[in-house]
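The values are calculated or read from the model by the stated rules, or taken from the named source; none is laboratory data. None of the values given here were measured: they were computed from a predicted structure. For neighbour counting, all protein chains shown are included, and Cβ atoms are generated from backbone atoms with ideal geometry for every residue, glycine included.
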Amino acid sequence: MSWKRFFLRNHWDNERKQELEQHLQLEIDENLARGMSLNEAESAAHRKLGNSTQIREEVYRFNSLQFLETIWQDLKIGARMLRKSPTFTVVAVLTLGIGIGANAAMFSIADWLLFQQLPVRDPKSLVYLGFAQGPNQRDPNFSYPEFQELKRQSGELFSETSAMAFGGVGDQSGPDGLTFNGKTERAQTIFVTGNFFSMLGLQPYMGRLFSPLEGTAPMADPVVVVSYEYWQSRFYGDTTIIGKPAAINGHPVTIVGVAPKGFVGVTPALHMQVFLPLGMLPVEPGIQRDFMNAFERRAIIIVARAGTAMHGRQSHPLLTMIGQNVLQQHPRPDEKIIELRAIPLRPPGLVSGQGVNPLPLFAGLVLGLGILVLLLACLNVSNLLLVRSTARAGEMAMRSALGAPSRRLVRQMLTESLLLAALGCAAGIALGLVATRVLAGINAPTELAIRFDLAFDWRVYVYLFAAATLTGIIVGIVPALRLRRANLAALLHDTSRGATGSRQRLRNSLVVIQVAGSLALLIVAGLFVRSLQKVRNVDLGFEPRNVLNITLDPNQIGMSKTDGERFYTQLLQRVRALPGIHSASLAVMVPMGDTEFGGRIDVPGFAIPKGQPRPSANYNAVSADYFGTIGMHILNGRDITESDSATSDRVAVINQAMAHKYWPASDPIGHEFSVAEDTKHPIRIIGVVRNSHMIDAYSPIEPMYFVPLTQRYMPTLTLQVKTPRPPAEVAKQIETLVEELAPTMPVYGVRTMSEALDSLNGLFMFRVGAALTGALGSLGLVLAIIGVYGVMSYSVSQRTSEIGVRIALGAQKCQILALLSRQGVLVIGSGLLVGILITLAASKVLQEFLIDVSPTDALTYIGLSAILGLAAFVAMYLPASRAARIDPVVALRRE
Amino acid sequence: MPKKGAQPLQGEVLQGTLDLLILQTLLLGPAHGHTIAYAIERRSDDVLQVEHGSLYPALHRLEDRGWIASFWGTSDNNRKARYYRLTPKGRKQLAEQTSRWEQLVNAVNRVLRPASE
C-alpha cells in the first residue's frame, strides 16, 4: 500500500492542489454571495483555509517513505562528491573493478567446477556408485554382471538405476571414429543403458532417444544418438541425418536422434558426442561380445536416482550390505575397500573413470586467491577513503552543526562507499567477462572433447552482488565509524593540523596488511612459476626436438588386424623413403598423451614385499627404430629390430626403473616376465633403456617395458618421424602417402613432439596455473604499490608544515628523508614479515599443486619479498623526496 | 462566527475524532470537502470548527485506508469538485468507531460526575 502511495505521490499532490483550488473557489463564491468584495472574499477564503502549500506538504510527506527519501538524498550527495574528485573516483573504481572482476572470473571457474547442475530432471538426486577406498577416493568401475546384481538388490534405495561406459577413454584403444559419407572423424562416445535418457528425464531435440529395451543384448541395436553440439559442429544442424547410416569404428549404425540442447553427458569437462546403447560396447576394440557375462571387465559406471531412503546420504547400511554381497561374488583382491557408496553425480562430478577428483581443491585455491585480490583492493580503497575522510572532516562538522545526527553522517559515508562498490562492480563485470572469455578460449591441447563451460550464470551475479555489497561496507566502515566516534568539533580544528596519532596508526596497519596480502599472492604465483620452470627443465630422458607425430587409426574405418598391419608396414617404408628423414617409427603411446597403457605382470622369482601390490608396469608397443627416433638411449643389450616378428620369440626392452625394481641384484637381460593374464607366453628381456618421462613430466618414473608392435598389435598408432625439415611440409607429404594407401583413413594429432608435450598431462596445466596466479600476483603488486604510495604521499602532505619548520630550523634534506623513510620502512618491513608468515601457514595446501618445488622455497620467498619491498620503497621514497625539497616559506605560509 | 453562547472548540478536536465526523457526514451521501467542513460545523451548532487545513490531509488518509472513495463531480453552483463517498469498509469503520466513541464519552462522563450521585 505504502509503495503504491509512494509512487503515486506526485499524482496525488496534483489532485490535492486542484481540490484545494476548487475549495478556495467555493469559499470565495460563498463569501461573494455574502456580499464581500472580490478582494475581501479571496483573502478571507485564504485565511480560512490556511497555508495550502503546507497542506499539500503534509499530504506529500504522508505519501513518502522517509527512509527512501533520505537514501536518495545521500546518493545524490555521494554522486556529487565522487564527481568532484574524479581522480580519486577513477582510481577507486578501477581498483575495486580489478578486484571484483578477478573475483568474478575466479568464481565462474569455481562455479563451473562445483555448482553447475546438469541440465536434467532433478539433478540433485543423481548419484553414481563407487567402492570407497579412502577419503575422497573411490573405484566407480563395475562389470556388467556386477551392475545387474547391484540393480537387482538395490531397488529399495534407488528409484532408477542405469549404467554407462565411456568409449575410448583409458581402454586399450584410442578414441572412436564416426564415419559418415565416407569421411571418418573421431568422436567421444558413451554407451548407455536404454533407461539412461528416461532416467534423466530428457526429451530428444530431434528423432528419438533410446527405449528401455535397447542395449540389453550384445550388438543388437546398431543405433546412435548424437549430442546437439556435435550435430551442429559435425553435421551443421542438418535435419535430414535422422535415419541415415553411419559407422562407429567400421560397424554400421543408424543415426536415430539428437539429444537435447546443452546435454553433453554427465561428466563436468568431457563432452560426450555420440551415445550408443550399452549392448554396442563390443564396437570398442578389445571388448568381446560376451562382455555382459565377463566379471573381470570393469568398464561400467553405475548412475542411479536416489530414492527417499538414500536422500542426502552417501552411505546406507543396506547399500553397504549389497556391496559386500557383490564383493563376495566378484572379489577385488587388489583393492582396499571400505564400503559401497552412492556419491552425488554433481557437483563436483565424476572425472571420467578416475576415483579422485582434484577439482574442488583447485577451485578452492583459485577462489581463495580471487578473494585475496579483492581484499587487497578493498584495503586500498579503504585507505584512500580514510585519507579523504580527514580531508572532509570540515564538511562533516558543518553538516553535524546544521543538525545532522551522526547516524545520518555514517550512513552518508556508507552510501558513498556502496556507490563506489557498485561502480566498481560494473567495471568488474566488464573486466570479468573479458577474463572469462580469455579463460574459456584456452584450447586444451588434447584430443579429448574437453570444454571449459565458463559462463556468467545467476550464481556469479549473486556472488558479485554479495561481493560488491560487502566491499562497500568493508571499504566504508572504518572511515564511517571514525566519524561516529570523533568529536566533530575537534575534527574541525584538526583539519589544518594533520593526522592524529591513532589515525596514522590505523592507516599504517592497513598498509601492513596490504603489503602482507600482496606478498602472499606474489609468493603463491612465484611458486607456480617455479614449478613450471622445473617441469620445463626436467630431463625427459628422450629428445623431443625435430620429431613429428602423426596419429592414425585404421580401427575407426573398421580395418582388420591384417589389413592394418599391412597398411602400417607400407606406410613406414614409404615415409622412410622421403627425403631428409633421419628415421621413422610407430608407437602406441605418445609421451604425455591422453592414454597410457599398463597392467599387472608376473615376474618369476620376485618376492612381493609385504603390503605391496602385485607387480605391474606400463608398456608401449613400438616398431623398429623407435628408440633412435625418439632419442632414448639403450644402456644395455639390444634394440627392437625388424627381425622381432609375430612368430619369433617374445621380447621386450625395459626401462631402468623396471630393471631396478624387479631385478635389483642382477642384470635383467635374458630374464623373463609375462603379462599377468597371459603367463603362457613369457617375454624375454633384450635390453635396458634410460628412464624417461612418458606419462607426465613430474611424477616419479614408473617401471615400463617396450614390446615389438608385431607381437602386440594395436590399431591406434602414432607415426613418429625424426627430420630436420619443416614439420608442416613433411606432414603434408605423409598425409598424401596415407591417402594413397587408405583414402578414408582419419589422420589426426599432427604435432611436433614439443607441441605434444604441452598437453594436459604435460606442461599445459602448469602453464595455465602459472599464468593465472602470475596475473593475480601482478595485480597484488600493483595494488600494493598504489596503497603504499597513496598513504605515504598523504602522510607527507599532512606533515608539510612540520617539515617546513624543520627545514627552516636548519634540517638537511637527508635528515628529512631519513625521518620520513624510517616510518615507511618500518611499515613495509612488518608487512613483508606478516606476508611471509601467512604464506608459510598456507604451505600445506600449496604443496598439493607444486612439483619439485618446496612450498617454503627460500629463493621464491626472499626474491619476491625483495621485489615487493623495493617497489614499496620506491612508492614511499617518491613522496618523501618531494617533501624534502619543500620550500619552507611555502610550507609555512599554508598554515 | 459563533452565534450562540458556546465557545467554538477550534483546533481542540480530539485526534481521530475528525475522521469519525467526516465518516458520519458522508453517511448522508457523497459530498465534497467544502460541504463536509460546513456540514460538520452546522450540525454541531458551530461548536466544532473544522480547520480546513487539516480536513484535506484527513480526507487523504481516509481514502488511503479505503474507508472513503473519491471522484470528480460538479458542485451545485456548477464548479468542478472532488466528491467523497463512504465505502462499505468505511461504513463498518463508522459503526465501530461510533461505538468506541460512545464508550469513551460514557467513561469520561462517569469520571466527571461526582461519586455521590
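Scan the range A:292-334 for residues that are surrounded by fewer than 19 Cβ atoms within 10 Å (Cβ to Cβ), closer than 21 Å to residue A:344 by Cβ and touching a helix residue (DSSP H, G or I) at 6+ places or on another chain (Cβ under 7 Å) and report the count.
0
Does residue A:821 fit the bill of being surrounded by 14 or more Cβ atoms within 10 Å (Cβ to Cβ), at pLDDT 80 or above, at negative phi and hydroxyl-bearing (Ser, Thr, Tyr)?
Answer is yes for this residue.
Tell me, yes or no, whether the range A:485-492 has at least one residue that is at pLDDT below 70 and in contact with a Ser or Thr (Cβ under 8 Å, 6 or more places away or on another chain).
Yes - at least one qualifying residue is present in the range A:485-492.
Please find, among A:44, A:110, the residue that is part of a helix (DSSP H, G or I), buried (at least 16 other Cβ atoms within 10 Å of the Cβ), under 45 Å from the mean Cα position of the chain (by Cα) and not charged (D, E, K, R).
A:110
When residues of the range A:113-139 are filtered for being in a strand (DSSP E or B) and farther than 23 Å from residue A:192 by Cα, how many remain?
So the answer is 4.
Give the residues of the range A:632-648 that are outside any strand (DSSP E or B), surrounded by 16 or more Cβ atoms within 10 Å (Cβ to Cβ) and either of a type in the set (Val, Ile, Thr) or in contact with a Cys (Cβ under 7 Å, 6 or more places away or on another chain) (or both), sorted by residue number.
If the condition is that a residue be outside any strand (DSSP E or B), surrounded by 16 or more Cβ atoms within 10 Å (Cβ to Cβ) and either of a type in the set (Val, Ile, Thr) or in contact with a Cys (Cβ under 7 Å, 6 or more places away or on another chain) (or both), then A:640 is the only one that fits.
Quick one: which of A:639, A:649 is in contact (Cβ under 8 Å) with a residue 12 or more places away in the chain, in contact with a Phe, Trp or Tyr (Cβ under 8 Å, 6 or more places away or on another chain) and at negative phi?
A:639
For the range A:656-663, indicate whether the set of residues that are within 45 Å of the chain's Cα centre (by Cα), modelled with pLDDT under 85 and among the hydroxyl-bearing types (Ser, Thr, Tyr) is non-empty.
Scanning the range A:656-663 turns up no residue that is within 45 Å of the chain's Cα centre (by Cα), modelled with pLDDT under 85 and among the hydroxyl-bearing types (Ser, Thr, Tyr).
Give me the residue from the range B:62-72 that is surrounded by 15 or more Cβ atoms within 10 Å (Cβ to Cβ) and more than 7 Å from chain A (Cβ to nearest Cβ) and, out of that set, nearest to residue B:90 (Cα to Cα).
Among them, the one singled out is B:67.
Given the structure, is residue A:314 over 30 Å from residue A:716 (Cα atoms), not in a loop (DSSP other than H, G, I, E, B) and not aromatic (Phe, Trp, Tyr)?
It is false that residue A:314 is over 30 Å from residue A:716 (Cα atoms), not in a loop (DSSP other than H, G, I, E, B) and not aromatic (Phe, Trp, Tyr).
Restricting to the range A:15-54, give me the number of residues that are away from chain B (no Cβ under 12 Å) and farther than 18 Å from residue B:79 by Cα.
Of the residues in the range A:15-54, 6 are away from chain B (no Cβ under 12 Å) and farther than 18 Å from residue B:79 by Cα.
Could you check the range A:239-264 and list, in sequence order, the residues that are surrounded by 16 or more Cβ atoms within 10 Å (Cβ to Cβ) and modelled with pLDDT under 85?
Once the filter is applied, which keeps residues that are surrounded by 16 or more Cβ atoms within 10 Å (Cβ to Cβ) and modelled with pLDDT under 85, the range A:239-264 yields A:249, A:250, A:264.
Can you tell me which residues in the range A:603-630 are outside any strand (DSSP E or B) and within 36 Å of the chain's Cα centre (by Cα)? Break it down stepwise before answering.
Restricting attention to the range A:603-630, the residues satisfying the condition of being outside any strand (DSSP E or B) are A:603-615, A:623-630.
The answer is A:612, A:613, A:630.
Only one residue in A:839, A:800, A:856 is modelled with pLDDT of 85 or more and of a type in the set (S, T, N, Q), so which one is that? Can you show your working first?
Numbers: A:800 fails: modelled with pLDDT of 85 or more; A:856 fails: modelled with pLDDT of 85 or more.
Residue meeting the stated conditions: A:839.
Residue B:84 versus (1) within 14 Å of another protein chain (Cβ to nearest Cβ); (2) at pLDDT below 85; (3) over 18 Å from residue A:62 (Cα atoms); (4) surrounded by 16 or more Cβ atoms within 10 Å (Cβ to Cβ): which is the lone unmet condition?
(2)
Suppose we filter the range A:649-672 for residues that are among the aliphatic types (A, V, I, L, M) and in a strand (DSSP E or B); how many remain?
4
Suppose the filter is acidic (Asp, Glu) and within 26 Å of residue A:744 (Cα to Cα); does residue A:602 pass it?
On the way: acidic (Asp, Glu): yes; within 26 Å of residue A:744 (Cα to Cα): no.
In short, no.
Does the range A:673-685 contain at least one residue that is part of a loop (DSSP other than H, G, I, E, B) and surrounded by fewer than 15 Cβ atoms within 10 Å (Cβ to Cβ)?
Yes, there is a match, as at least one residue in the range A:673-685 is part of a loop (DSSP other than H, G, I, E, B) and surrounded by fewer than 15 Cβ atoms within 10 Å (Cβ to Cβ).
Is it true that some residue in the range A:530-539 is farther than 30 Å from residue A:867 by Cα and basic (Lys, Arg)?
For the range A:530-539, residues farther than 30 Å from residue A:867 by Cα and basic (Lys, Arg): absent.
Check off (1) farther than 23 Å from residue A:58 by Cα; (2) within 13 Å of chain A (Cβ to nearest Cβ); (3) loosely packed, with under 15 Cβ neighbours inside 10 Å for residue B:27 and give me the number that stays unchecked.
Answer for residue B:27: the failing condition is (2).
Go through (1) touching a Lys or Arg at 6+ places or on another chain (Cβ under 7 Å); (2) surrounded by fewer than 23 Cβ atoms within 10 Å (Cβ to Cβ) one by one and return the number of the condition residue A:629 breaks.
(2)
Quick test of your reading of the structure: residue A:790 fulfils all but one of (1) of a type outside the set (Phe, Trp, Tyr); (2) surrounded by fewer than 22 Cβ atoms within 10 Å (Cβ to Cβ); (3) closer than 21 Å to residue A:384 by Cβ. Name the failing condition by number.
The number of the failed condition is (2).
Just one of (1) among the aliphatic types (A, V, I, L, M); (2) closer than 16 Å to residue A:713 by Cβ; (3) in a loop (DSSP other than H, G, I, E, B); (4) in contact with a helix residue (DSSP H, G or I) (Cβ under 7 Å, 6 or more places away or on another chain) trips up residue A:589, so point out which.
(4)
Are there strands (runs of 3 or more DSSP E) fully within the range A:153-210 with at least 1 residues that are in contact with a Ser or Thr (Cβ under 8 Å, 6 or more places away or on another chain), among the small types (Gly, Ala, Ser) and modelled with pLDDT of 80 or more? List them. Write out each step before concluding.
Working: elements: A:158-166, A:176-180, A:183-187, A:189-192.
Filter on the range A:153-210 gives A:158-166, A:176-180.
Among (1) within 9 Å of chain A (Cβ to nearest Cβ); (2) at pLDDT 80 or above; (3) under 14 Å from residue A:23 (Cα atoms); (4) out of contact with any Phe, Trp or Tyr (no Cβ under 6 Å at 6 or more places or on another chain), there is one condition residue B:32 misses while meeting the rest; what is its number?
With respect to (1) within 9 Å of chain A (Cβ to nearest Cβ); (2) at pLDDT 80 or above; (3) under 14 Å from residue A:23 (Cα atoms); (4) out of contact with any Phe, Trp or Tyr (no Cβ under 6 Å at 6 or more places or on another chain), residue B:32 is out only on (4).
For a quick check of your reading of the model, give me the residue pairs whose first member lies in the range A:245-271 and is free of Cβ contacts under 8 Å to residues at least 12 places away in the same chain, whose second is surrounded by fewer than 17 Cβ atoms within 10 Å (Cβ to Cβ), with beta-carbon atoms closer than 8 Å and at least 6 apart or on different chains.
A:245/A:252; A:245/A:254
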